[in-house]
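The structure appears right after this line, and notes come after that.
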Amino acid sequence: PADLNHDLQSHPDQAPGDFGECLRRVVTAASDHGKMAGILVREPEAIAEMAALGFKHIAVELDVSILRKGYQEILARRTEEA
């Protein structure tokens with residue numbers, strides 16, 4: 001999704017639609033060919049939005065986003081204790 005969004009912003013005159021429209025087109029194209037669309041999201045909070053668009057396989061970039069969020073929670077607790 002990040003590459004697609006970047007490309008749409010870099011070449012708006014060639015874009016077939018906005019980011020959301022392009023994602024819907026991916027889901028439709030996959031469905032039209034008997035496939036389930038998949039996507040990689042950076043944050044767990046994006047899962048519901050992608051599922052609502054029709055993506056069936058949703059992977060979360062766990063190694064960075066989940067670890068970062070956990071670390072931020074640890075730091076927040078330490079700050080509260082101090």
request  = Could you give me the residue pairs with C-beta distances under 8 Å whose first residue belongs to region 2-22 and is within 16 Å of ALA46 (Cα to Cα), whose second residue is surrounded by 11 or more Cβ atoms within 10 Å (Cβ to Cβ) and at pLDDT below 70 wherever it lies, and which are 6+ apart or on separate chains?
outcome  = PHE19/PRO1; PHE19/ASN5
ask   = Just a yes or no: is a residue in region 46-63 at negative phi, in contact with a Pro (Cβ under 9 Å, 6 or more places away or on another chain) and not in a helix (DSSP H, G or I)?
value = yes
Among the residues listed as MET50, MET36, the single one being hydrophobic (A, V, I, L, M, F, W, C), modelled with pLDDT of 95 or more, more than 18 Å from LEU4 (Cα to Cα) and within 17 Å of the chain's Cα centre (by Cα) = MET36
remark   = Restricting attention to region 56-65, the residues that are surrounded by 13 or more Cβ atoms within 10 Å (Cβ to Cβ) and either under 16 Å from ASP3 (Cβ atoms) or among the aliphatic types (A, V, I, L, M) (or both) number exactly 3
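The values are calculated or read from the model by the stated rules, or taken from the named source; none is laboratory data. All figures in this text were calculated on a predicted structure; none of them were measured in a lab. All Cβ positions, glycine included, derive from the backbone under ideal geometry; neighbour counts span all protein chains shown.
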